[in-house]
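Every read-out reported here was derived from the displayed coordinates using simple, explicitly stated rules and does not represent laboratory data. Computed from a predicted model, the values in this text were never measured in an experiment. Note: ideal-geometry Cβ built from the backbone for every residue, glycine included; neighbour counts use all protein chains shown.
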Amino acid sequence: MRNLKGFLFFCIKTFLLNKICATMSAGERKKGACGMIYFAITAAVFTLDFFLKKYIDKKYARKVKNPRLGGIICIEKFYNKGATLNLLAKHPKAMTVIHSVIMVFVAVIYYFAMRMTGKELKKTGLAMLAGGGLSNLYDRYTKHHVVDYVRFQTGPKWFRRIIFNVSDFFIFIGAVLAVIGSEV
């Protein structure tokens, strides 16, 4: 719980620093201090999920539901060799290649976004997306599966079948922020 509070504090602090950077002149921003904030977000997302996965792997048995928050969610360790809903699970090498290609594409977009002035929302979204994507890709290369561990016990039946990890949430939120930030 203490790590989660620290991470939330980091996110709030980063958001405020982004607002400060938005008020800086272009010359001040070119010095790089503001751009490092986004790389810090990427590193923080990667690190948070890395340690959560390590903890889940050590403390929980596979495919055993551990209800939390009054049964709304369950901690359930699952080794996902595929994508969402275990898509391409029988082809983990192909999934790793596809994931790698997607991450190269994200890295190129991230690179060009970092060279833009403004667009803080887009940059924040891409930083979250990159951190989550890299964490899951790291799992694919080191473990040959992605460790998923959060299952919601509410909502439609198809949704209750999906087991997520924190990186998945950041990928989704990051993608939404990047799209909204591109339009603003």
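Between residue 94 and residue 169, the modelled label-to-label distance comes to 3.2 nm, taking each label 7 Å out from Cα in the direction of the beta carbon.
I want the local charge near residue 162. Using Cβ-Cβ distances under 13 Å, sum +1 for each Lys or Arg and -1 for each Asp or Glu among the other residues.
+1
Mind jotting down a quarter of the surface of the convex hull over the alpha carbons of segment 83-128, in square nanometres, one decimal? List each step's numbers first, then the result.
Details: hull surface 14.6 nm².
Mean orientational projected area (segment 83-128, Cα hull): 3.6 nm².
Modelled spin labels at residue 43 and residue 61, positioned 7 Å past Cα toward Cβ, are 4.0 nm from each other.
Spin-label model, residue 153/residue 105: points 7 Å from Cα along the beta carbon direction are separated by 3.7 nm. Rounded to the nearest angstrom and listed largest first, the equivalent-ellipsoid semi-axes of segment 69-172 from its Cα gyration tensor are 27, 19, 10. Pairs spanning more than 31 Å between alpha-carbon atoms, out of 93/119; 63/119; 63/122; 65/90; 65/122: 93/119; 63/119; 63/122; 65/122.
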